There are 2 protein chains.
Amino acid sequence: MSITITAFERSPDGGKGLARDTRVRWALEEVGQPYEVRPVSFQAMKEPAHMAVHPFGQIPTYEESGLALFESGAIVLHIAGQHEGLLPAGVDARARAIGWMFAALSTVEPPILELVVAKFIEGDKPWTQARLPLIADRIRTRLRQLSARLGDADWLDGAFSAGDLMMVSVLLRLRPSGLLDEFPSLAAYVARGEARPAYQRAYAAQAAAARR
Amino acid sequence: MSITITAFERSPDGGKGLARDTRVRWALEEVGQPYEVRPVSFQAMKEPAHMAVHPFGQIPTYEESGLALFESGAIVLHIAGQHEGLLPAGVDARARAIGWMFAALSTVEPPILELVVAKFIEGDKPWTQARLPLIADRIRTRLRQLSARLGDADWLDGAFSAGDLMMVSVLLRLRPSGLLDEFPSLAAYVARGEARPAYQRAYAAQAAAARR
């Protein structure tokens, strides 16, 4: 089975690992599946060939024989379902791990995306400086709750899972803001994720692509 | 197997079906599973007993023997995995249907949540009137792309699935804004979802709870 994913031809973060292909690379590294990468330019991303695979004109996409997927959450979950290593055995434990994937994407990431939009899309607007502290407080609320749940555990629910992979990936986007460091246990949680050999390989691969 | 979900004791929308318990009720109705509802007050939602089940202090939650879940996406996916009726057979078709669930929650809903935040959390701020058209345009971009993909099909990928359930639920939140009606094929898609008997039962149940 040959797997091809798409990634930015030129990542907007210059290779810091914050583009969403990193999540998919990380999942593939965790389960030991080789993959090819097809770089897509910003222009090609909005053209019919790419929009046929990704109706919202974004990256990443995932293609294997006969199957084309988009949405990093769906791709990671598909990989986790097909291979050992990212989901626990047992229906209940799997459901809880998948629950953390949704929590990362639907509850923790939206205020983080608001911050990204404020900085990069509304960065030139007169209201943005006044809004940033409000958005930061909405993010802090989520981080406080997440930190309370994590407690002194290494991972969110037992062993490392696709739920942790997604949560760490979402939280990583906060590092430039300094907000993550206000919650030392979450900063340590993210650092544990980054220290995994599979993450290291994924990060190195996307950084090497950015340098080319 | 006895299923208990939580819902707002007093739904902020007064029973219009926009609270996230409606998605879970709809899924349970589609697969024909009876359920109990435990109403939770805004105060109780932030207290330890509820936070033990939902670390972010929200609704809905889902409890069956030995399993407690939060996140409407995770709950709907769990229900869809345990019962016939919400996911197609076959690994690839299931992955694509689940992909639409993630697309609804991670790509289509975030700008809609931005609109909700602007109206209800930043409604009194001096910049909000100027920001609303920018947010509306970001939503229109997603609706245009979704409409292009849907074309003249009834559902997003073959038969009705959990992906449609989640996408219709997300789009419904736009109705008060008028944005949905700018895209007649999407308005018709949402109306097809609402016309399903299972949705009707779910809607009636949450509306009855709001009247009590």
Completion exercise
So, relative contact order of chain B in percent, Cα under 8 Å, 6 or more apart, is 28
Problem - Fraction of beta bridges assigned by DSSP in the protein assembly as shown that are antiparallel (%, nearest 5) - result: 55
Problem - Ordering of A:181-194, A:59-72 by packing [mean C-beta count within 10 Å, highest first] - result: A:59-72, A:181-194
Fill in the blank from the handout: Note on region B:1-51: alpha-carbon gyration tensor, axes a ≥ b ≥ c; rule is a/c under 1.5 for rounded, else prolate if a/b larger than b/c, else oblate; result oblate
Handout entry: Helix-only [θ]222 nm of chain B, DSSP H runs n ≥ 4, -39500 (n - 2.57) each, per residue, nearest 500
Key = -15500 deg cm²/dmol
Completion exercise
Heads up, the protein assembly as shown by the C-alpha gyration tensor (a ≥ b ≥ c square roots of eigenvalues; a/c under 1.5 rounded, else a/b over b/c prolate, else oblate) looks rounded
Fill in the blank from the handout: For the rotation taking chain A to chain B, the chain A residue with the nearest C-beta to the axis, plus the distance in whole Å, reads A:Trp127, 2
Completion exercise
With a Förster distance of 30 angstrom and the Cβ-Cβ distance between B:Gln82 and A:Gln129, calculated FRET efficiency to the nearest 0.05 equals 0.05
Problem - Contact order normalised by residue count of region A:91-196, Cα under 8 Å, 6+ apart, percent - result: 36
Problem - Whole-number Å³ per residue for the convex hull built on Cα positions in chain B - result: 125
Completion exercise
Mean other chain Cβ within 10 Å across B:71-83 is 4
Practice task
For B:Ala208 and B:Ala191, calculate 0.36 nm times their separation in residues minus their Cα-Cα distance, and state this gained length in nm to one decimal.
Solution key: 4.0 nm
Handout entry: Within 10 Å of each Cβ in B:101-113, the average number of Cβ atoms from other chains
Key = 6
Practice task
Measure of size requested: the Rg and Dmax of region A:129-212, with Cα atoms as the atom set and Å as the unit; please supply both.
Solution key: 14.2, 42
Problem - Inter-part distance where region B:147-184 and region A:165-212 are each reduced to a Cα centre, Å - result: 34
Completion exercise
Beyond 23 Å (Cα-Cα) in this structure, taken from A:Lys119/B:Lys125; A:Lys119/B:Lys119; A:Lys125/B:Lys46; A:Lys16/B:Lys119, we find A:Lys125/B:Lys46; A:Lys16/B:Lys119
Practice task
Could you check which residue among B:Gln145, B:Gln200, B:Gln58 shows the biggest mean-square fluctuation in a GNM of chain B with a 10 Å Cα cutoff?
Solution key: B:Gln145
Fill in the blank from the handout: Which of B:Ala104, B:Ala93, B:Ala27 fluctuates most in a GNM of chain B (C-alpha springs under 10 Å)? That residue is B:Ala93
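Taken together, the values in this text are just the output of simple stated rules run on the coordinates, not laboratory data. If you're wondering where the values come from, they're calculated on a predicted model, not measured in any experiment. Neighbour counts run over all protein chains shown; Cβ positions are idealised from the backbone, glycine included.
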